[in-house]
1. Please list 3J(HN,Hα) in residue order for the stretch 635-644, calculated via the Karplus relation 6.51 cos²θ - 1.76 cosθ + 1.60 where θ = phi - 60°; whole Hz, with x for glycine and proline.
2. With charges set only on the Cβ (+1 for Lys and Arg, -1 for Asp and Glu), what does the dipole of the stretch 173-262 come to about its Cα centre, in debye to the nearest 20?
3. Show me the three semi-axes of the equivalent ellipsoid for the stretch 188-266, from the C-alpha gyration tensor (sqrt of 5 times each eigenvalue), largest first, rounded to whole Å.
4. Amide H of residue 365: which non-local residues (sequence gap of 5 or more, or other chain) have their own amide H closer than 5 Å, using H built in the peptide plane?
5. For labels at residue 50 and residue 614 in the simple 7 Å Cα→Cβ model, what's the distance in nm?
6. How far apart, in nanometres, would the label points at residue 548 and residue 109 be if each is projected 7 angstrom from Cα along the Cα-to-Cβ direction?
7. Taking a label point 7 Å from the Cα of residue 260 along the Cα→Cβ vector, which residues of the stretch 141-158 have an amide N closer than 16 Å to it?
8. So which trypsin sites (Lys or Arg not before Pro) in the stretch 88-124 end up in coil per DSSP with only 10 or fewer other C-beta atoms within 10 Å?
Amino acid sequence: MTETRMDARSIALLEFPQVRARLAEKTSFDPSRRIAEVLEPSPDPVIVARGLDETDQARQLLQERAGVGIGAAHDIEPWIGRAARGGRLDPPQFLEIAETLDAAARLATNLAEDRRPLLRELGRRVHPLPALRSTLTRSFDPVGELLDTASPRLGPLRGAVRVAYDRLRRRLDTLVGSELGGALQEPIVTLRNGRYVVPVRADARSRVKGIVHDASGSGQTLFVEPLVVVELGNAWREAQAAVDEEVGRILDELSALVAANSTMLSETLEALAQFDFWVAKAQLAAEMDGIRAAPAPHEEVVLLSARHPGLTGRVVPIDIRLGDGYTALVITGPNTGGKTVALRTLGLLSLMHQSGLHVPAEAGSMLPVFRDVFADIGDEQSIAQSLSTFSGHLRSIIRIVEHAGPGTLVLLDELGAGTDPTEGSALAQALLDWFIRSGALVAATTHYAEIKVYAHETPAARNANVEFNLETLSPTYRLTIGLPGGSQAFAIAERLGLPEDIVSDARSRLTENQAAFEATLASIQTQEREIAESVDRARAAEARATDALRTAEEERRRARRERDEAVRAARAEAERLVEGLKDDVAGVRRRLERETVTAPAIDAALARAEQTLERIPEARPAKEPPPVVVPRTWRLGDRARSRTGGWEGRIAALEKGGTRATLEAGGMRVTVAVSDLEEAVGTAGGGAGPGMPVNETVSGGGGSPRGRGSSAPGGTPAGSSISNLQLNRARSVASSLDLRGARVDEALDALVRYLDDASLAGLEQVLVIHGLGTGALRDAVREQLAGHPLVKSCRPGERGEGGDGATIVRL
């Protein structure tokens, strides 16, 4: 059965309360501080993920809007409770409620449209209560004094008090200044027991009629309220009493209003506290430069560049790995080398993670959610309980053994210490074996060589060591997994001044196996350091190469941008010139529609077109290596393209020898060598293309029209052979055909040839003149035109176009 709380003793040993205290210091008011002070790690993965999400989203919000917070919110829970019980609240307490509602309104506005779900949901639990807030704002000034606008009666009643007071003071001032001047100790007016009096000399008491309210200590002065002002004083006091009664009524009414909204006020206060707590977690994460540890897919710990939160100054980060191929980690090395700090870092960061806090480590770190974390760290010696260090440790370990198992993390400092080394190391090995079999993850520190050998020979265990600088006799605090560490007792003793003969005698007392083990270990550590230095140099070289590659890539992108900009500018200029050319061509066509244009007129138009074409910027893409031609067998109906000429179409015929093929597209046929064919890419529209190769012929069957040809493939210049062919045709093909006087069969043959030439020349509209006569030639011509594939439409001529003796043909 899953426990709801984790081991409290281990939580204290791992110094989690200190982290909790730092978190509480980040809060802004008592309700959120109370939440932080009772924060505990949870073994529930759902609760852990929720807590981490809270920290993530609050941290993102602070990065986007650093000033967001709860403002001047107060802990108003006592005032809500008093009002709910029917008590009367004081003006300062109302002022705190109003300020809290102001903070709630600002926070609700900030969170209303937030894209982060937890913050948006929290914002819905913040109730600004505008009616209550408006009432309190109208009733109190910024320092908590009740305003005259708090009720319709309060203003007039306070006005009456001021009037009564003015009358009283004017009468008293008159008495003091003239009528009673000789009987007074001093010409002043003072206050006794809420009544205004004058100081009368005791020997002149009979001269002043009035009520004695007090006397001086010596008895020489009596404080008398003259009878002539008693009624004025009574009127003033009565006006004050009326104001006090109205103030009490207003406070009772406002207290009842608070009580009516107590549920929403409590929910708002709770939401404010939760938000402030989330912000405190985010601020602590930023202060520690922490990250959210990724969830481990199984019970595995990966901590990269981890730092203990309690260390100050220059902190050396360490890498800790546990659970991937081994479940026990044995850390060895000299005293004060950082072995215990490594244990505490592993345990404390696990507890922080399970409390919804970011951990001080680098990205890529992973932590599981442990069912429990157990630690035996520190000296358990107790004189009061007659416990030695060994007994104290053993009692703690017995308790851990009873609860450890799958899903638990066990941290043991100086395992087996405090007793006979032989028995202690044997006991330590037995305990490590037991924890491995139980399924727990265990990390332990030790000085025993036997345990180093055990960790080396046990598949489920690994050695680790904290490094020590023998030159400076100081630890480096770096943790290296894979090799055991030495205690360096002889080296430290020698450097500290212990006589050399004593040190040599101590070394000679080591067994041969022990000496060989230490020597081998030292040699391996030296090699490891050299390898690490080589790796660092290689990484530095890789970083320099990466920087150079990045710089080159940026230069390439810059050159590409400049080229693209030049191409865009050239294209824009070309489009502008082409538009002008289109306008010029359209003008020529309009003239062609109206009349038969002579060759000189066509030559002039073509000259202008050629001049415009010469001004068009020509993009010159970089030459690419010729594509590799893969031989293939062509069949009728395949789509192919001539590599040299750019012709593209469907294969309509293949010679028997298979050396030449006829391409057909849009009614035009081109005969090319089979070795010159390649597969067509996409659909290019068909027909003629640029650059007719040598020995290729264009053939059009009898009566079969020849199309205008496909557009040139990419990269073909404007002055291609198809353009020249069209320009040459345009020079010789008139815009009209006169068939008058010809026989029907001769006229139809001439008509077909003329349509082919006009289409190839690029004419869009022509005039066919056949005359009226008997109508036989007219009907035959129009019948032929109606079924011709190059003809878009035809119609009889209109007035000015030849009437019914001519036919207007659109190609």
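1. Along the stretch 635-644, the couplings run 10, 4, x, 5, 8, 9, 9, 7, 5, 7 Hz.
2. Numbers: 8 positive and 13 negative charges, 99 e Å.
The dipole of the stretch 173-262 has a size of about 480 debye.
3. Numbers: eigenvalues 389, 39, 8 Å².
After diagonalising the Cα gyration tensor, the semi-axes are 44, 14, 6 Å.
4. 294, 304
5. Label-label distance for residue 50 and residue 614, simple model: 8.3 nm.
6. 5.7
7. Taking a point 7 Å out along Cα→Cβ of residue 260, the residues of the stretch 141-158 whose backbone N falls under 16 Å are 151.
8. Numbers: sites: 88, 106, 115, 120, 124; in loops: 88, 115.
Here the trypsin sites (Lys or Arg not before Pro) that fit, given the DSSP loop and packing criteria, are 115.
Values in this text are rule-based calculations from the coordinates and carry no lab data. As the structure is a prediction and not an experimental result, all values here were calculated from the model. Cβ atoms come from the backbone with ideal geometry, glycine included; neighbour counts cover every protein chain shown.
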